[in-house]
Amino acid sequence: MISTARTPDRLPPSQPAHPAHGIAAFGCSPDEARLFRELAPAFGVDVTLVEDALDERTALLAAGRRLVSVGHRTTIGDATLRALADAGVHHLSTRSTGRDHIDVELAARLGICVGGVSYSRGSVADHTLMLMLMVLRNARPSVLRTNRNDFRLDGPRARELGDLTVGVVGAGRIGSAVIERVRGFGCRILVHDRSPAGHAERVGLDTLLAQSDVVTLHAPLTGDSRHLLDASGIAAMKPGAVLVNTARGALVDTAALLEALEDGRLGGAALDVVEGEERVFYRDHGSRPLPDALIQRLHALPNVIITPHSGYYTGHALDDVVRNTLRTCLELEGRTHA
């Protein structure tokens, strides 16, 4: 059964509820909601779709549901988690692999289990490869020129990926998919990861930064990895190297990156994620200055490409996310889907 719910004008006193079957899915995009409607009956899962994002007020609509599902754009903090606990929720699932937008430690203290869902690793890996090639081929200034009907060849000559060394930081599901794709170009591949790196050359981070012409980030964001590339890390990168980040913006000290780009020590950057993106991404700013000064300066550089955290935005990934969210609900209920 599929139902929709709206946030009430006034909330009654919270009353703990016994978890029931089904999902309350908050803040779904139209295509997410459509897919939940299409797939839920086949899984035998009841879904309540809430158009609003999850917050302290809307959390009441989760009362009695076994699983609450949220998107990666919604920050889930103290008040919202306590409201979920008061509503009797014990499981919070994010429609993303990363959980850094949720206070996981507080959730655990409140008895709420937080999990993500996996989706097509090819979605972000393909996007990474696209960004890598675009920044190496000077695609942004070239496209901007032709948009002005200027078809002259101008600027520095492009670099070929096969001539370069690519350093992959994090060789999990997505990082390993990037390695598979990059290997086809014949370039040298260095990997920094705690786990074995397969056929790639595994090295320390300092070695990777010093020897790589392209550094691509695929590590999760944790307390330990925040500003993994700080001022000293960026200074350790090979002169003229380019940075690709499709993981999490806070892996990189944006101010330090900007300084290295503006003074020419780095050759470019291609960023699908960036610190402060929540103030900029997913809205049309028109001709107004961006509300984040560092992102505004990055965006002004011709050798920087920024995409709005869209690596995951494929039909295949969406189908995976919805199906795996429904499967998670079945697992919590001790059921399986044929």
Inset, instruction - Scan (1) open to solvent by less than 90 Å² (accessible area, probe 1.4 Å); (2) under 27 Å from the mean Cα position of the chain (by Cα); (3) within 25 Å of ASN303 (Cβ to Cβ) for the single condition ASP206 breaks and write down its number. - result: (1)
Inset, instruction - Pick out, from the stretch 31-127, the strands (runs of 3 or more DSSP E) lying fully within it that include 3 or more residues that are closer than 24 Å to GLU278 by Cβ and open to solvent by less than 50 Å² (accessible area, probe 1.4 Å). - result: 65-70, 91-94, 113-116
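This table checks each residue for (1) modelled with pLDDT of 95 or more; (2) open to solvent by less than 20 Å² (accessible area, probe 1.4 Å); (3) touching a helix residue (DSSP H, G or I) at 6+ places or on another chain (Cβ under 6 Å).
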residue	(1), (2), (3)
ARG181	yes, no, yes
SER195	no, no, no
ASP224	no, no, no
ILE234	yes, yes, yes
MET237	yes, yes, yes
Legend entry - Residue within the stretch 261-271 that is in a helix (DSSP H, G or I) and under 14 Å from VAL169 (Cβ atoms) present: no
Legend entry - Pairs where the first residue, in the stretch 200-214, is more than 15 Å from VAL252 (Cβ to Cβ) and the second is open to solvent by less than 60 Å² (accessible area, probe 1.4 Å) and part of a helix (DSSP H, G or I), C-beta under 8 Å, 6+ apart: ALA200/ILE179
Inset, instruction - Could you run through the stretch 239-260 and say how many residues are buried (at least 17 other Cβ atoms within 10 Å of the Cβ) and not in a loop (DSSP other than H, G, I, E, B)? - result: 13
Inset, instruction - State the number of residues belonging to the stretch 278-324 that are within 24 Å of GLY264 (Cα to Cα), among the aliphatic types (A, V, I, L, M) and in contact (Cβ under 8 Å) with a residue 40 or more places away in the chain. - result: 6
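The values are calculated or read from the model by the stated rules, or taken from the named source; none is laboratory data. Remember, predicted model here, so these are calculated numbers, not experimental data. Reconstructed Cβ throughout: ideal geometry from the backbone, glycine too, with neighbour counts over all protein chains shown. With ligands, DNA and RNA removed, areas are computed over all heavy atoms of the protein, side chains included. Shrake-Rupley method; radii C 1.70, N 1.55, O 1.52, S 1.80 Å.
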